[in-house]
1. Mind checking which residues of the range 161-184 are more than 20 Å from L210 (Cα to Cα), out of contact with any Ser or Thr (no Cβ under 8 Å at 6 or more places or on another chain) and in contact (Cβ under 8 Å) with a residue 60 or more places away in the chain?
2. Tell me, yes or no, whether the range 83-94 has at least one residue that is farther than 20 Å from S54 by Cα and of a type in the set (D, E, K, R).
3. Can you find even one residue in the range 18-27 that is touching a Leu at 6+ places or on another chain (Cβ under 9 Å) and of a type in the set (V, I, T)?
4. Return the pair list, or none, for Cβ contacts closer than 7 Å from residues in the range 262-290 that are touching a residue at least 40 places away in the same chain (Cβ under 8 Å) to residues that are hydrophobic (A, V, I, L, M, F, W, C) and surrounded by 11 or more Cβ atoms within 10 Å (Cβ to Cβ), at least 6 apart or on different chains.
5. Does E157 count as at pLDDT below 95 and within 14 Å of the chain's Cα centre (by Cα)?
6. Does P276 fit the bill of being in contact with a Ser or Thr (Cβ under 6 Å, 6 or more places away or on another chain) and under 28 Å from N117 (Cα atoms)?
7. Any idea how many residues of the range 84-101 are under 17 Å from S151 (Cβ atoms) and either of a type in the set (G, A, S) or not assigned by TED's automatic domain parsing to the domain that holds I199 (or both)?
Amino acid sequence: MNWRSVVFQKPQHESILQEGFTAVDLHNHSEYSDTTTPITTIAKKARKLGIGLSLTDHNEVAGNIKLAQDNPDLLVVPGLEITTKEMAHVLTYFYSHDEMHDFFATHIKDSRGGNPNLATKVSVSDLLDMTKDYNCVIAPAHPFAFPKRFSFISAMERGFVDKKVLKSLHGVEVICGANLRYMNKCAVDWATDLNKATIGGSDAHTAGSLGSVVTISEGSTVEEVLSSIKKKKTTVLGTEAKLYQRPLPLAKIASCHLRYFKPTMQTQYEISVKTPFVNTKKLLAKRFGSETREEMREGFVSGLDALSDELHFRGYPHIEKPLFVRKMQRVLKREE
């Protein structure tokens, strides 16, 4: 197996098993976040394909825990997809469900807003600081994504995420099944430039897409799979959803968000309007402080004075008022 390779083709799950490797879909969702797919349906599909998976619901771990408890025969990697306050999506995996639950209860549960699937109060730097006390694997989900504001790269470009955090990341999701091909190729190049491990997942919001993208390793347990990622001994195999496959999951996502219409609109306002305005104001204040503004004002005045001297400017010429106006002014003055 050529580790760290990324192959854009449909996985042949039976062949992967016969060769002695393990395929895990490391990014998918259930009825516990922004879709309606039942846990039982997800388990049935995973069992049929012969794959492991990590049920990475948005800011939630209940579905992952239930999947593992109800299906001890399946390989279920503890994990969740955290939406940071910068709207960057970060996949976070743990070596045990107890550790994942402790992290969630301590840091994520009470940081969620009115729409639990959207931005938390946790920043990317906060997340990396919080996870230092846990044995985990962290990787940006679909770092190049549409809408752009949901991408890790966009958060960096807007100055919301410091590039210094990149050294703390373990890997990058290089194939996201819900993404477009050129965006995933950008993620592949980015992971190569950063020398990070590569992972992939379907980002399935329907059972039909589950397993369309998998991360292949020699590991057969949670510990072995996650350790393979840290050691950069993984291969990502899969394809993006076809055009005709996209309307259904989008409809499911939209219907789930409609339950939280008001807080969703509030979050979008804060992310798209308020936060950029505040950040721009701070940037301008930092770049153009009081002393700088005074220097600019003095320079502007000096420039105008020099220009007026050059043009022999001696004030505006006197403009005679129209006769009608002068007559009206005299009438009004007599009446007073």
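The values are calculated or read from the model by the stated rules, or taken from the named source; none is laboratory data. What you see is a predicted model; the values in this text were computed from it and never measured. Reconstructed Cβ throughout: ideal geometry from the backbone, glycine too, with neighbour counts over all protein chains shown.
1. H170
2. yes
3. Initial filter on the range 18-27 (touching a Leu at 6+ places or on another chain (Cβ under 9 Å)): 22-27.
Subset that is of a type in the set (V, I, T): 22, 24.
Checked against the condition, which is being touching a Leu at 6+ places or on another chain (Cβ under 9 Å) and of a type in the set (V, I, T), the range 18-27 yields at least one hit.
4. T264/L118; T267/L118; T267/A119; I271/M87; I271/A119
5. When the stated conditions are applied, E157 passes them.
6. Taking the combined requirement at face value, the residue does not satisfy it.
7. The number of residues fulfilling the criteria is 1.
One line per residue, one yes/no per condition, for (1) touching a Gly at 6+ places or on another chain (Cβ under 6 Å); (2) surrounded by 23 or more Cβ atoms within 10 Å (Cβ to Cβ):
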residue	(1), (2)
E157	no, no
G171	no, yes
N179	no, yes
N184	no, yes
D193	no, no
D203	yes, yes
